[in-house]
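**Q** This is the structure I want to talk about, given as structure tokens.
The values are calculated or read from the model by the stated rules, or taken from the named source; none is laboratory data. Only a predicted model underlies this, so the values are computations on that prediction, with no experimental measurement involved. Virtual Cβ from ideal backbone geometry, glycine too; neighbours counted across all protein chains shown.
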């Protein structure tokens, strides 16, 4: 009998960590790069990626970059990122993005801050430009921090935080990342933070998604991994079918974000 419960997504964090570290080391060796650059926000996902890359490659091959936005980013988050990098022995750089946002506001004729989505998505794209500058400058790979939940829901900016050379957490749901992070010794104050993309003051992931990660992960597991129908998942979890249907629709509607651009060949 099929069951959907938190136990369905329990992982052996020690085994998962070991496998990811081996995969990361192998991928890095094949790339011919000098190291890896990680954009760090002080949040759970980027802290986990930073820790994994250091364990796999050594601190001397890892660069950390924090990219806060003045009057938007929480200074405590920047401090947490800096403290973790220091604990891991990683050199960390700080690139303030507010001047870049302001310069683009002046340069783009149709710029309008009231168009919240376009304005907010600009910021992850600026951050990715900065990370790829580091990558080009020092022959590094860009490590993405996206997890399976975000990827399936399309909860990332196309060519922004969705752009990376590899995604070490891409096979793990958000709740599984938390398990891995706990095993890796990520500080409790980072583990306990409310997840946010930091796009505007007070913004949180779950408010935007309209659902708790614990429920969302189980819905996705049922729909995508187990191939169950909307009604069956709803019954197993005791939630409204309309909620499961909305998740299913989001996965389908954001499929373009998980694919390369289509080639419209005339031949």
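**Q** Mind telling me which of the residues 41, 8, 47 ends up being in contact with a helix residue (DSSP H, G or I) (Cβ under 7 Å, 6 or more places away or on another chain), in a loop (DSSP other than H, G, I, E, B) and over 15 Å from residue 140 (Cβ atoms)?
**A** Matching residue, one of 41, 8, 47: 41.
**Q** Determine which member of the set 76, 82, 105 is over 19 Å from the mean Cα position of the chain (by Cα), assigned to a helix (DSSP H, G or I) and closer than 23 Å to residue 195 by Cβ.
**A** The match here is 76.
**Q** So in region 21-38, with the set limited to residues that are touching a helix residue (DSSP H, G or I) at 6+ places or on another chain (Cβ under 9 Å) and assigned to a loop (DSSP other than H, G, I, E, B), which one is surrounded by the most Cβ atoms within 10 Å (Cβ to Cβ)?
**A** In this case the residue turns out to be 33.
**Q** Separate question: Within region 92-129, count every residue that is touching a helix residue (DSSP H, G or I) at 6+ places or on another chain (Cβ under 8 Å), free of Cβ contacts under 8 Å to residues at least 60 places away in the same chain and over 24 Å from residue 54 (Cα atoms).
**A** Number satisfying all stated conditions: 9.
**Q** Which of the residues belonging to region 228-254 are free of Cβ contacts under 8 Å to residues at least 24 places away in the same chain, part of a helix (DSSP H, G or I) and either loosely packed, with under 14 Cβ neighbours inside 10 Å or in contact with a strand residue (DSSP E or B) (Cβ under 8 Å, 6 or more places away or on another chain) (or both)?
**A** 231, 242, 249, 252
**Q** Closer than 20 Å to residue 91 by Cβ, assigned by TED's automatic domain parsing to the domain that holds residue 196 and within 21 Å of the chain's Cα centre (by Cα): does that describe residue 42?
**A** For residue 42, the condition - closer than 20 Å to residue 91 by Cβ, assigned by TED's automatic domain parsing to the domain that holds residue 196 and within 21 Å of the chain's Cα centre (by Cα) - is met.
**Q** Residues in region 176-185: is at least one modelled with pLDDT under 75 and in contact with a helix residue (DSSP H, G or I) (Cβ under 7 Å, 6 or more places away or on another chain)?
**A** For region 176-185, residues modelled with pLDDT under 75 and in contact with a helix residue (DSSP H, G or I) (Cβ under 7 Å, 6 or more places away or on another chain): absent.
**Q** Now for a different question. Please specify each residue of region 130-150 satisfying the condition of being in contact with a helix residue (DSSP H, G or I) (Cβ under 9 Å, 6 or more places away or on another chain), under 25 Å from residue 98 (Cβ atoms) and either free of Cβ contacts under 8 Å to residues at least 24 places away in the same chain or assigned to a strand (DSSP E or B) (or both).
**A** 140, 142, 143
**Q** A further question follows. Return only the number of the condition from (1) closer than 20 Å to residue 6 by Cβ; (2) free of Cβ contacts under 8 Å to residues at least 40 places away in the same chain; (3) crowded, with 21+ Cβ neighbours inside 10 Å that residue 225 does not satisfy.
**A** Against the list (1) closer than 20 Å to residue 6 by Cβ; (2) free of Cβ contacts under 8 Å to residues at least 40 places away in the same chain; (3) crowded, with 21+ Cβ neighbours inside 10 Å, residue 225 comes up short only on (3).
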